[in-house]
Amino acid sequence: MHVMLLPQTFVLLSFRRGLSSMAFQYQTANAASSASEVDIMSYLDDVEAQVRNQGPIMTKRLSEPNRKPMIRSLLGISEKSKFDAAVRNARKETEYTKLETFVRDYLSPALARHNRLDKVPDMPNIIADALAQPSSSGMGAFRKLGTGRIYRGNAYDMVKDVAPEILPQYVEATDELTDMEVLAPVIQSRKSSVSSDRIDAAMRCLYDFPLRDDIGNTESDQDEDDCPKSNGRECERDCIEYLKSRLAKEKELIPNVYVNHKSAMSRPKYHKSNNDRNGMDDGIIWTSFERANSCSEFDALIYTINDGEDVAQVEEIWEAKYSISPSTLWDAVTKKASAVRDIMKDDEAYLSHEGRHMHLRWAGDSGHSRSSDEKLVFGIFGRELLSPQNAVGQMIAMATANALSNDVNTVMSSLESGYVEVTREKALSDIEVLREQLRHTENDFHISLRLG
């Protein structure tokens, strides 16, 4: 589907009302100094106007991203985090079971033939240790199958050399799991908690999901969230270049900042930084707040530091999103901005960057009453802005996703028809909720969004 996107310009979206009576102003610009400013609330006003032009009932055909929310709703798991944890556990246990079966039914008998243990004399002990591990260990329980100077940890090479006739079974046992293999045990584990009709419907979501090709593929059927990873990396690079172009001499820019919990400080992999991206070192924020664990990184951070002090004053935090839309704005203010807010409450949080470990201070943190200019800048950088016309499709997708995640009756009827219905009023309500989230976020931050 062709997606209408706004022309590529440098545009600053702010909450300062009255800048323009138009929702959009376009001005081709090659530098940040000639950036045009746009009222972001007016953008949402235009999206709302487009939604109001729709009929009272709006439909969207079921698509692959709806499968898991529908299963979660049918299984009666209200919290997405709990469902995701169950899926992760099922993945590990299924991985373990497949390799356990391979080792018991194929590898052990093969090694007992033709004096093959002469090549791998330690293998019985390695297998015994692996089988003694809990199923929650996943594939990691069998990581030593290829141990030794000959195979250097590569179990595939070991099987190929010692027992090549069972190599197909090894490949099958280590193939990446499908959603069906992972989700089926999650569904079965809920048999005692929900009715058999809901279990059957959840299994139907796996094996007979009604992806209807005969239903019209219109603009309003589309989710606009996805974009190639290469576009995301390109947007991150452009964000860094933009920030470098306006960076004051006394300020420092970090191109990528990981958010790690202090409980992981003893694990070396969490201390690694990357100095290849943009030729600059990444940074790490260490915090004790669990909420920040749902936010693994920020795309850029600007801070100042006074000579002789081990205190970094954070001035700006940026998120890079190639395509800007109501959905990306929602994610930014409900996930990333919320994570920043939690870290700000942690008096013991600190920043590691270029070998320095600095306690954090936040822009405008000297008092609770802060003007817009004193607040920490929470920035969002993008390359394209989804037009209000196409944003209607996204609002419908968001409303249907919410209905499928929370209403079993909606899920059941959608399985029969192949599409889901939502009211126009629900989409309008979602727009107003987004406005309220943006206003709430503006209480703590100065929000800006640039397209370049």
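The values are calculated or read from the model by the stated rules, or taken from the named source; none is laboratory data. Not measured: the values here are computed from a predicted model. Note that we place each Cβ from the backbone using ideal geometry, even for glycine, and neighbour counts take in every protein chain shown. Surface areas here come from the heavy atoms of the whole protein model, side chains and all, with no ligands, DNA or RNA. Shrake-Rupley method; radii C 1.70, N 1.55, O 1.52, S 1.80 Å.
General remarks:
- Approximate spin-label separation residue 117-residue 407, in nm, with each point projected 7 Å along Cα-to-Cβ: 6.4 nm
- Members of 244/345; 82/321; 92/336; 98/160; 251/375; 119/144 lying beyond 20 Å, as alpha-carbon distances in this model show: 244/345; 82/321; 92/336
- For residue 80, a cut-off of 18 angstrom between C-alpha atoms picks up these aspartates and glutamates, skipping any fewer than 8 places away in its own chain: 64, 179, 290, 331, 407.
- The residues of the range 32-154 expose, per residue, 53 Å² of accessible area to a 1.4 Å probe.
- Solvent exposure of the range 382-450, expressed per residue, is 36 Å² of accessible area, with all protein chains present and a 1.4 angstrom probe.
- Sulfur and carbon atoms: percent of accessible area, the range 70-121 [1.4 Å]: 48 percent
- Of all DSSP beta bridges in the range 336-452, antiparallel share, percent nearest 5: 35 percent
- Evaluated over the Cα positions of the range 313-360, the convex hull gives a direction-averaged projected area, one quarter of its surface, of 4.2 nm².
- The string of couplings for the range 53-69 from the Karplus curve (6.51, -1.76, 1.60, θ = phi - 60°) is 7, 7, x, x, 10, 10, 10, 9, 6, 5, 9, 3, x, 7, 4, 5, x Hz, one whole number per residue in order, with x for Gly and Pro.
- Most to least accessible of 350, 419 (protein chains only, probe 1.4 Å): 419, 350
- Per-residue ³J(HN,Hα) for the range 145-150, Karplus 6.51 cos²θ - 1.76 cosθ + 1.60, θ = phi - 60°, Hz, x for Gly and Pro: 4, x, 5, x, 5, 6
- Here the alpha carbons of the range 324-452 define both size measures, Rg and Dmax, at 19.2, 59 Å.
- Shown are 435, 52, 361, whose ranking by accessible area with a 1.4 Å probe and every protein chain present, most to least, is 52, 361, 435.
- Accessible area (Å², 1.4 Å probe, nearest 10) - residue 203: 40 Å²
- Accessible area, probe 1.4 Å, largest first, for residues 362, 330: 330, 362
- For residue 238, the accessible surface of its heavy atoms amounts to roughly 50 Å² (probe 1.4 Å, protein chains only, rounded to the nearest 10).
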